[in-house]
Amino acid sequence: MFNAIEELKKMPLRPYLRKGSKEWWVKMLCQCLLARDYVLHVTDEFDAEVDRLVRMYQMNHGLAADGVVGPQTWSSFAGTVSDGIITDNITGDEQNSAAIVKVANFINSLGIREARGRNNTGAAVEWFLEHAGGNPGDPWCVTFAFAVVKLAYAMVDKYPPKGLPSLSCSAVVRWGRKYDRVDDDGSNAKPGDMYVFRGGDTGFKHIGVVVGSVGEPGKPGFKLITVEGNTNKNGSPDGDGVYLKRRSPERNGTGLGVAVRVS
C-alpha cells in the first residue's frame, strides 16, 4: 500500500509548490494531506481547494499560513517538525524556534485589534504591555514580540534568553549585539528570529517575529513572513493590531532591517 509520508522521507530534494503549480509533486502533496486526515481529491493541479487545505494545515502546525509549500511544510509532513513544537528529530534551538513560530501564528489567528478609537489600548494590547512592564497607551510592537517569545519558551518548559528587552526596538538590537545574536543582513533571518526595522530617533522603530519566507534569499521576490503587533494592513509601525506581513529585507516602507536570534 502506498504510504505518502514514508515515500516523502526518501526524497530529500523537494520543490516549492504554490497555487497554480501543475506537476506530479502536487499529487504527492495531496497524498500527504490525506495522510494527515485532510480530505480532498488527489490531483496534479494546485487549485483553490488544495491552497485552502495547505493553509489550514500550516496554521494548525505552527507554520506560516502562506499557501507556499517549501522546506518547512515538507519537513512537517515528513515528521521532522510535528505540531509546530516538538518531535524526536528536533532539539535545542530548533525546538525553541518552532515554538516561537507556533505561538506567533496562533496569536495572529485571533485577530487581535486595539480598542476602537483608543490608540494602543484594548484588553489584549494592555496585557502585552503590562506583562512587559509598559503602560496603556505605549507603543506595543516590542511588548508583543517579547510576549510571543516568553510564551513559546514556557510551552517547551524552558527559560527564555536572559535579559531580553521588552519595550524598545533599539534595546533589543543592543542586547543582540552584546550576545552575538545580530545579523545585519536581514535576509538571513530564520523562523523564530526577530526582524527589527531601522528608522526613528533611536535607529530602530519596529519589530516583527519571523515565521517563514517566500522565495530564495538574494533572488527577486524574496520576502520574509512576519507576525507583527502594532501594525496594520499597510504595514505601518503604528497600526491597530496583530497582522501577518510579507516584508522585503532589502527595502521596504520602514527601511532596512536586522535579524536578532532569540532561540
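Could you pull out every one of the lysines with an alpha carbon less than 18 Å from that of Lys178, ignoring same-chain neighbours closer than 8 positions?
Answer for Lys178, where 18 Å is the Cα cut-off: Lys162, listed by chain and number.
Considering the dipole of the stretch 4-78 built from charges on the beta carbon (Lys and Arg +1, Asp and Glu -1) around the Cα centre, which of Cys30, Ser76, Val54 is farthest to its positive end?
Ser76
Just grab the label-to-label distance for Lys22 and Arg52, each label 7 Å out from Cα along the Cβ direction, in nm (one decimal).
Taking the simple label geometry, Lys22 and Arg52 are separated by 2.1 nm.
Which whole-Hz couplings ³J(HN,Hα) result when phi for each residue of the stretch 9-14 is put into the Karplus expression 6.51 cos²θ - 1.76 cosθ + 1.60, θ = phi - 60°, listed in order with x for Gly and Pro?
4, 7, 10, x, 9, 10
Given the pairs Lys205/Lys245; Lys9/Lys158; Lys19/Lys102; Lys19/Lys158, which are separated by over 27 angstrom at their Cα positions?
Lys9/Lys158; Lys19/Lys158
Along the stretch 195-206, what does the Karplus equation 6.51 cos²θ - 1.76 cosθ + 1.60 (θ = phi - 60°) give for ³J(HN,Hα), rounded to whole Hz, x for Gly and Pro?
Values, residue by residue: 10, 10, 8, 6, x, x, 5, 9, x, 9, 10, 7 Hz.
Starting from a Cα-only point model with no solvent, please compute log10 I(q)/I(0) by Debye for the stretch 4-78 at q = 0.19 1/Å.
-0.67
Whose amide H sits under 5 Å from the amide H of Glu114, counting only residues 5 or more places off or on another chain, with H placed in the peptide plane?
Gly241
Taking the Cα centre of the chain as origin, sum charge times position over the Cβ atoms of Lys and Arg (+1) and Asp and Glu (-1), and report the length of that vector in debye to the nearest 20.
400 debye
Separation between the Glu45 and Ser168 pseudo-spin-labels, each 7 Å from Cα along Cα→Cβ, expressed in nm?
About 5.7 nm, to one decimal.
Would you kindly state how much longer the chain becomes between Phe222 and Asp93 on full extension, computed as 0.36 nm times their sequence separation minus their alpha carbon distance, in nm to one decimal?
44.0 nm
Report the convex hull volume per residue for the stretch 198-263, counting only C-alpha atoms, in Å³.
Cα-based convex hull of the stretch 198-263, divided per residue, equals 94 Å³.
For the stretch 180-263, state which trypsin sites (Lys or Arg not before Pro) are in a DSSP loop and have at most 11 other beta carbons lying within 10 Å of their beta carbon.
Lys233, Arg251
When the convex hull of the C-alpha atoms of the chain is computed, what volume per residue in Å³ does it have?
136 Å³
Before rounding to the nearest 500, sum -39500 (n - 2.57) across all DSSP H runs of length at least 4 in the chain and divide by the residue total; then give [θ] at 222 nm in deg cm²/dmol.
-10500 deg cm²/dmol
Using a Gaussian network model of the chain whose springs link C-alpha atoms within less than 10 Å, name the residue from Ile107, Ile225, Ile207 with the highest mean-square fluctuation.
Top of the fluctuation ranking is Ile107.
Can you tell me the 0 to 90 degree angle between the C-alpha axis of helix 141-155 and the longest principal axis of the chain, rounded to 10?
So the inclination is approximately 50 degrees.
Would you mind checking the tilt of helix 48-60 against the longest principal axis of the Cα atoms of the chain, expressed as 0 to 90 degrees and rounded to 10?
So the inclination is approximately 50 degrees.
Could you go through the stretch 62-70 in sequence order and give the Karplus-derived ³J(HN,Hα) for each residue, using 6.51 cos²θ - 1.76 cosθ + 1.60 with θ = phi - 60°, rounded to whole Hz, and x for Gly and Pro?
Result, rounded to whole Hz: x, 9, 5, 7, 9, x, 8, 9, x.
Could you tell me the center-to-center distance, by alpha carbons, between the stretch 207-237 and the stretch 1-69 in angstrom?
23 Å
Non-local amide H neighbours of Gly257 (under 5 Å, H modeled in plane, Pro and chain starts lacking H): which ones?
Result for Gly257 returns Gly186, Arg198.
Mind listing the long-range amide H neighbours of Phe204? Cut-off is under 5 Å, sequence gap 5 or more, other chains count too, H placed in the peptide plane at 1.01 Å from N.
Close amide H contacts, sequence-distant or interchain: Ser170, Gly199.
Any read-out appearing in this document is the output of simple, stated calculations on the displayed coordinates, not a laboratory observation. Source: prediction; values computed, not measured. As a convention, Cβ positions derive from the backbone with ideal geometry for all residues, glycine included, and neighbour counts pool all protein chains shown.
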